[in-house]
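Computed from the coordinates by the stated procedures, all read-outs in this text should not be read as laboratory data. From a predicted model like this one, the values you see are computed outputs, not experimental measurements. Positions of Cβ are backbone-derived with ideal geometry, glycine not excepted, and every protein chain shown enters the neighbour counts.
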Amino acid sequence: MQKVFHILQHIRVLAVALSTSVLGLPLHAQEKPSPIIANLFETTAVFAPPPWVKTANMMQEVETHQAQGAGPQNTEVIIMEYIPKGQSFDAWTELYAIHAERPLTGTSESYRNGMLSVYDDACVDVTWQQSNTVEVGSELFVVYCAGYRDQPSLGEVAVFHMKKSNETLVKNYYHKRVAAFDLAGLQEELPIDVAELIVALTSVSFLRIQ
């Protein structure tokens with residue numbers, strides 16, 4: 001895992017993403033459906049619709065998958081996943097999700113590091129960037145996977161927002177599959193459009209837990 005990189009362009013992306021909101025919702029979301037409300041064990045999560053949704057009728061633009069059951073190490077898991085309409089959960093280009101797991105007694109930082117370890121194992125080369133604009137106890141970060149080990153021609157950009165509520169960890173995240181890329185090129189150009197990254201960041205940044 002390469003160290004967190006600090007590039008002025010990317011810092012500006014984060015700053016813009018976290019400031020371009022109206023009434024707490026992403027600026028582009030004014031014609032989108034209302035925020036999604038989900039009961040996750042003893043916690044209620046309020047989160048933005050998937051980044052690619054453009055109309056008020058979200059269900060016309062997504063395929064969904066929901067599950068609840070046993071997780072690793074005797075935990076319980078609830079997950080709600082969304083992909084673009086017409087795509088398959090076996091072959092998606094974008095995936096958006098809310099995920100809750102309990103009981104977890106570690107810090108959100110420790111679970112962020114665990115997620116980064118997953119990418120270390122899955123990717124031929126990977127780096128990440130953390131935002132320092134969220135409250136203490138939350139983690140907002142972007143992961144750049146230059147290429148999958150089992151499919152080197154394909155890479156990924158992912159955005160995660162993690163929050164702890166007592167012993168429940170809530171994650172709101174977005175994955176975008178892209179053509180494989182060279183991490184050195186991030187100094188000059190992102191593997192996805194900057195506007196797409198801003199939309200993804202504003203979406204996951206909206207997460208609230210009650």
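Taking 0.36 nm per residue of separation and subtracting the current Cα-Cα distance, fully stretching the chain between N74 and Q210 would add 46.5 nm.
Per-residue packing, averaged as other Cβ atoms within 10 Å, sorts the ranges 52-63, 99-110, 83-94 into the order 99-110, 52-63, 83-94, beginning with the highest.
Quick one: net charge around D182, please, counting Lys, Arg +1 and Asp, Glu -1 for every other residue with C-beta under 15 Å from its C-beta. Working shown, then result.
On the way: positive: none; negative: D125, E156, E188, E189.
Around D182, the surrounding residues sum to -4.
Restricting to DSSP loop positions (anything but H, G, I, E, B) with no more than 15 other Cβ atoms inside 10 Å of their own Cβ, which GluC sites (Glu not before Pro) remain in the stretch 171-206? Sparse-neighbourhood loop GluC sites (Glu not before Pro): E188, E189.
Net charge of the neighbourhood of S108, taken over other residues with C-beta under 11 Å away and scored Lys/Arg +1, Asp/Glu -1, is +1.
For the set K54/K171; K54/K176; K85/K176, every pair lies no more than 25 angstrom apart at their alpha carbons. Mind giving me the FRET efficiency for A56 and A179? R0 is 41 Å, r the Cβ-Cβ distance, nearest 0.05 is fine. For R0 = 41 Å, the calculated efficiency reads 0.80.
Counting other C-beta atoms within 10 Å, and keeping those with at most 16, which DSSP coil trypsin sites (Lys or Arg not before Pro) do you find in the stretch 107-210?
On the way: sites: R112, R149, K163, K164, K171, K176, R177, R208; in loops: R149.
Those satisfying the criteria are R149.
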